[in-house]
Amino acid sequence: MCRHLAYLGPPIPLADLLFTPPHSLARQSWAPLDMRGGGTINADGFGVGWRQGSGFVRYRRDAPLWTDAGLPALAAATSSTAVLAAVRSATVGMPVTETAAAPFAEGRWLFSHNGKVAGWPDSVTALAAGLPVRDLITLDAPTDSALVWALVRARLRDGAAPDTALAGVVADVSAAAPGSRLNLLLTDGETIAATTAGHSLSYLSTAEGAVLVASEPLSPDPAWTAVPDLSLLVAAPPAVTVIALEGVLT
Ligand code: GLN
């Protein structure tokens, strides 16, 4: 299943997340260590979004991250205070297109889903029917993750806090589609919210006041902390809180 990460803190070169660490996102694309739930490598596209001014810049491709000849130089030359990046292992039956690669984005939001919606698509048609028709006919891609993003986005547009939006969508999708895997990751550039429901996640708070949240630790640093399954993480650097996801059965 996909691997994702988010960073908030002092400006960091994208390369220090994507390429330089011993277990960088690039390495996690071809040698992930904890693909519980299926999949072997994450070769079906990738994306990185980073804060630039008051908004985000996003770069996505429908090819393996390691095949992008221009990305290492771009990542070395670009620094940001807020980054969300992902490498994708497409769920069987879902298209491999650039628009299906995280991060999904709107305004100040960047989002990623690691997992799958069980019984897709029939299990969640009733849930989808609660969305505005406009959102459905302009879905980023015909994938479970794009629908999960539309569900999260609808809650954010209604003014929900990031953690509340994620917990609400995990509860709704788990109820409609038991057995779904719903590791969600969201940032607005100031906070990170994340859930664990079926996949691995760890975080690191650095001495410089940065916070990193990632599917797999980027280094052997023992300061990386594993997040238990069925948790809700909120990071407002340097603070990180992890609480149990209430009322969610997967
Ligand atoms: N189900 C999602 C997709 O196919 C995410 C897959 C994953 O986490 N590997 O895009």
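Accessible area per residue for segment 149-250 is 37 Å², calculated with a 1.4 Å probe on protein heavy atoms, without ligands, DNA or RNA. With each pseudo-label sitting 7 Å past Cα toward Cβ, what's the T241-R108 distance in nm, one decimal? The answer from the label model is 1.9 nm.
When the convex hull of its Cα atoms is viewed from all sides, the chain shows a mean projected area of 11.9 nm².
In segment 73-160, one over the average inverse separation of all distinct C-alpha pairs is 14.3 Å, which is the Kirkwood hydrodynamic radius. For segment 60-209, list log₁₀ I(q)/I(0) at each q in 0.12, 0.20 Å⁻¹, using the Debye formula over Cα point scatterers of equal strength and ignoring solvent, two decimals each. For the requested q values the scattering log ratios are -0.52, -1.39.
Leaving ligands, DNA and RNA out of it, rank V96, V133, V240 by accessible area with a 1.4 Å probe, largest first. Write out the running numbers ahead of the final one.
Working: V96 70, V133 100, V240 35 Å².
Result of the area sort, largest leading: V133, V96, V240.
Seen through its C-alpha gyration tensor, with square-root eigenvalues sorted a ≥ b ≥ c, segment 187-250 comes out oblate because a/c lies at 1.5 or above while a/b is not bigger than b/c. When the chain is treated as a GNM with alpha-carbon contacts under 10 Å, the residue of S202, S215, S123 showing the greatest mean-square fluctuation is S123.
With the gyration tensor restricted to C-alpha atoms of segment 26-94, the semi-axes of the equivalent ellipsoid amount to 24, 13, 11 Å, longest first.
Where the accessible area of the chain is counted over protein heavy atoms with a 1.4 Å probe, how much of it, in %, is carbon and sulfur? Roughly 58 percent of what the probe reaches on the chain is carbon or sulfur.
Residues of segment 2-111: accessible area per residue at 1.4 Å, in Å²?
Per residue, segment 2-111 has an accessible area of 39 Å².
If R0 equals 25 Å, the separation of the Cβ atoms of T97 and V133 corresponds to a calculated FRET efficiency of about 0.65.
Across segment 177-192, rounded Karplus estimates of 3J(HN,Hα) from the backbone phi angles (6.51 cos²θ - 1.76 cosθ + 1.60, θ = phi - 60°) give 9, x, x, 5, 10, 9, 7, 10, 9, 9, 9, 10, x, 10, 9, 10 Hz, Gly and Pro being marked x. Label-to-label distance, A77 versus S54, with points set 7 angstrom from Cα along the beta-carbon direction: 2.7 nm.
The values are calculated or read from the model by the stated rules, or taken from the named source; none is laboratory data. Note that this is a predicted model, so its numbers are computed, not measured. Ideal geometry is used to build each Cβ from the backbone, glycine not excepted, and the neighbour counts take in all protein chains shown. Remember, those area values only see protein heavy atoms, side chains included, never the ligands or the DNA or RNA. Shrake-Rupley method; radii C 1.70, N 1.55, O 1.52, S 1.80 Å.
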